[in-house]
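Take a look at the structure below.
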Amino acid sequence: MGVPQTESERAQTLRAKIDRYNYHYYVLDDPLIPDSEFDRLLYELQQLEARYPDLVTPDSPTQRVGAKPLEAFAQIAHKVPMLSLGNALSDRELEDFDRRLTERLEVAGPIVYAAEPKLDGLAINLRYESGVLVEAATRGDGMQGEDVTQNVRTIPSVPLRLRESGWPDVLEVRGEIYMPTAGFSKLNETALANGEKPFANPRNAAAGSLRQLDPRVTAQRPLAFVCYGFGELSGGELAATHSAAIRLLPRWGLRISPELKCVAGLAGCQQYFQEIGSRRYQLGYEIDGVVFKVDDLQQQRSLGFVSRAPRWAIARKFPAQEEMTRLLAIDLQVGRTGAITPVARLEPVNVAGVTVTNATLHNAEEIRRKDVRVGDMVIIRRAGDVIPQVVRVAPDLRPTSATEFEMPTHCPECGSDLIKDGDGVVLRCSGGLFCPAQRKEAIKHFASRRALDVEGLGDKLIDQLVEKRVVESPAELYLKLTPELLAGLERMGEKSANNICAALEKSKETTLARFLYALGIREVGEATAHSLALHFGNLEGLMSAPVEALLEVPDVGPIVAEHIHAFFQQPHNQEVIAALLAAGIRWSEVETPRADQLPLAGKTLVLTGTLSRPRAEIKEQLQALGAKVSGSVSGKTDYLVAGTDAGSKLEKAKKLEVTVLDEEALENLLRTGGQP
């Protein structure tokens with residue numbers, strides 16, 4: 001039967017695509033599409049060639065394993081071909097595998113399989129002669145690979161000479177060179193810090209590290225090696241089963257998987273697959289499935305091979321962690337502290353068994369660095385419970401209609417100005433008192449002990465008030481809450497309701513420093529709030545102060561000054577502050593002395609140990625006298641206030657000859673206004 005023209009053209013197209021993706025994946029270590037998409041293309045070509053055998057060509061991707069070696073490396077011919085494994089993508093395919101083998105072997109009982117995780121790294125063949133490592137070669141095209149001996153010698157888990165004795169004269173072990181997840185994370189952090197392109201995943205990081213022309217670069221990379229099979233063996237026998245042969249290797253200094261286990265039949269395979277799957281993300285290295293091999297070596301020989309793979313082994317793959325889909329839009333999500341996160345809206349795609357429609361893009365800098373555009377085909381990654389993220393785009397599939405994304409200048413929730421955080425990468429909404437996305441956190445902070453100190457108004461009650469839309473800003477705590485309203489809420493009795501209303505009334509009498517701290521201005525803590533109150537003396541002057549005037553306040557730098565100025569410039573924040581004052585929030589207006597006129601101006605104190613009064617209260621009194629209260633002892637410390645059970649800070653103060661005050665001396669210091 002002749003081959004239809006359309007099918008022949010499709011086969012040519014598939015071969016061209018697969019060859020291109022193979023080259024980028026295996027040779028350049030720069031994958032253009034996720035593994036799952038590659039597998040689908042290869043499967044389609046396999047089905048076409050099975051239906052029309054005349055389509056099969058000697059150079060078809062279905063007839064070889066991987067790609068040609070890099071020209072920069074010498075080539076090594078494999079004495080025993082390094083074939084790949086067939087894949088089982090479902091329980092049904094694993095069942096079919098077990099059934100076929102049972103029928104071929106004509107065995108009555110269940111087949112015993114050696115099972116272990118399928119590491120996601122780079123396959124390697126190590127050749128030992130008389131116990132000495134003489135060659136290391138990649139899989140390459142299965143018949144010959146790249147000579148990476150000098151690079152492999154730098155990997156600590158690869159022995160240069162075998163230990164003890166009993167090994168064959170020629171021993172070729174096969175295994176995986178991979179990069180543990182902790183090492184991968186650190187490698188990418190360093191790359192980003194140096195302005196370099198990070199690796200897409202641990203597999204490509206391992207491959208790229210091994211294919212360095214300079215072995216010194218490889219030596220600096222956190223690579224590891226684990227054995228899972230054999231190539232040529234001569235001058236000695238190992239064992240009658242695969243698992244027994246593999247378990248001989250550790251005594252010679254070669255690492256094997258600690259997860260290696262023998263299982264019986266299909267049920268044993270399925271149970272092992274589920275058990276490893278449940279621990280997949282705690283292993284410390286990436287795996288993409290489980291490998292099952294007939295354990296009996298005589299049965300392996302009886303089963304033999306097909307063109308690309310042994311009949312006696314299969315890889316049961318996990319659902320893909322990476323998939324490709326189209327980016328439909330980029331929306332902005334406002335976090336509870338005002339941080340703005342771009343979110344990719346996607347065409348629904350199944351990733352690792354879960355339908356994904358959204359993925360994080362982290363920040364504007366990440367979008368720019370990855371050149372992500374609306375309309376792009378993007379690779380989505382999801383591992384365990386990690387939030388799905390856009391890993392990279394597929395630039396060769398970019399439509400002409402793809403558009404660049406521009407970050408807005410105003411909050412999508414409340415319209416307030418967006419300001420850059422201290423690192424200049426994260427944008428934040430400056431409408432903290434009004435923004436719906438920040439409502440709960442703003443009210444919780446406002447009512448907290450060190451702010452307005454509304455006793456009894458806890459987090460759960462605030463959650464309930466906001467979720468029921470009873471309260472939408474800190475001002476409405478005073479304007480809307482009544483004993484009757486509170487008593488009608490869940491788990492709230494009449495007495496508790498009355499107590500909260502009384503606490504609200506009591507909290508109206510405060511200080512300017514506490515009020516400023518309660519507003520929750522970005523990076524304005526208690527000490528900065530106190531400095532602002534001392535410097536300006538009143539709220540009106542602070543709210544209208546330009547950035548230049550804010551920079552005159554001690555400990556206020558350019559970034560904090562910008563945060564303060566932006567906060568008070570937002571109309572919504574101004575409205576909430578006006579409502580709070582109208583509700584009765586007040587403090588005593590006192591003539592503010594200049595900072596250099598305060599009795600403890602220029603003095604630095606440190607508090608340590610257990611004190612009879614709350615530290616926050618003591619700290620506030622010291623700051624009112626002009627002191628700076630620090631958390632650590634140094635040569636610039638003037639006094640250390642030591643309570644009971646004072647520890648290392650007291651020892652350090654003595655060594656530095658810092659004056660140590662007990663509580664009696666502290667109280668005297670506060671009472672006399674600066675004389676201990």
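Taken together, the values in this text are just the output of simple stated rules run on the coordinates, not laboratory data. None of the values given here were measured: they were computed from a predicted structure. In this analysis, Cβ positions are derived from the backbone assuming ideal geometry, glycine residues included, and neighbour counts consider all displayed protein chains.
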Close Lys-Lys pairs in the range 418-587, where close means Cα under 19 Å and separation is 8 or more or interchain: 16
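Set the bar at 28 Å for Cα to Cα. Now go through Lys186/Lys628; Lys17/Lys293; Lys603/Lys652; Lys186/Lys619 and name every pair that lies beyond it.
Table pairs above 28 Å Cα-Cα are Lys186/Lys628; Lys17/Lys293; Lys186/Lys619.
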In degrees from 0 to 90, rounded to the nearest 10, what is the angle of the helix 5-22 Cα long axis to the longest principal axis of the chain? 60
The range 133-206, relative contact order in percent, only Cα pairs under 8 angstrom and at least six apart counted: 20
What's log10 of I(q)/I(0) for the range 595-672 at q = 0.25 Å⁻¹, Debye sum over Cα points only, no solvent? -1.27
Listed residue (Met179, Thr510, Thr241) projecting farthest to the positive dipole end of the chain, Cβ model: Thr241
To the nearest 10 degrees, how steeply does helix 615-624 sit against the main Cα axis of the chain, on a 0 to 90 scale? 60
Value of Rg/Rh across the range 5-63 [Cα atoms, Kirkwood radius]: 0.98
Once the in-chain neighbours fewer than 8 apart are removed, the lysines whose Cα is under 16 Å from Lys370 read Lys197
Between Ala583 and Ala616, what is the FRET efficiency for a Förster distance of 25 Å, r being their Cβ-Cβ separation, to the nearest 0.05? 0.55
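Decide, for the range 256-334, between rounded, prolate and oblate: order the square roots of the alpha carbon gyration tensor eigenvalues as a ≥ b ≥ c, take rounded if a/c falls under 1.5, and otherwise choose prolate if a/b is larger than b/c, else oblate.
Values: a/c = 3.34, a/b = 1.96, b/c = 1.70.
In terms of gyration-tensor shape, prolate.
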Estimated distance in nm for a label pair at Lys508 and Val134, the labels positioned 7 Å out from Cα along Cα-to-Cβ: 9.4
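When a/c reaches 1.5 or more, the comparison of a/b and b/c decides; with that in mind, is the range 494-595 rounded, prolate or oblate per its Cα gyration tensor? Present the calculation step by step, with values, prior to reporting the outcome.
On the way: a/c = 2.18, a/b = 1.76, b/c = 1.23.
Verdict is prolate for the range 494-595.
Among the GluC sites (Glu not before Pro) within the range 37-138, which fall in a DSSP loop and have no more than 15 other Cβ atoms within 10 Å of their own Cβ?
Sites meeting the loop and neighbour criteria: Glu71, Glu106.
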Rg to Rh ratio, the chain, alpha-carbon atoms and Kirkwood radius? 1.11
Length gained when the stretch Leu485-Ser401 is fully extended (0.36 nm per residue, less Cα-Cα span): 24.8 nm
For the chain, find the longest principal axis of its Cα atoms and tell me its angle to the long axis of helix 265-278, 0 to 90°, nearest 10. 30
Cβ-derived FRET efficiency at R0 45 Å, Thr57 paired with Asp169, nearest 0.05: 0.65
Quick check on the chain: helices-only [θ] at 222 nm, where DSSP H runs of length 4 and up contribute -39,500 (n - 2.57) each and the sum goes over total residues. Nearest 500, please. -10000 deg cm²/dmol
Using Cα-Cα distances under 8 Å and only pairs 6 or more residues apart, what relative contact order does the chain have, in percent? 9
For the chain, give me every cysteine whose Cβ has no other Cys Cβ within less than 4.7 Å, ordered by residue number. Cys227, Cys262, Cys269, Cys501
Taking the beta-carbon count within 10 Å as an exposure proxy, list Tyr113, Tyr178 from fewest neighbours to most. Tyr178, Tyr113
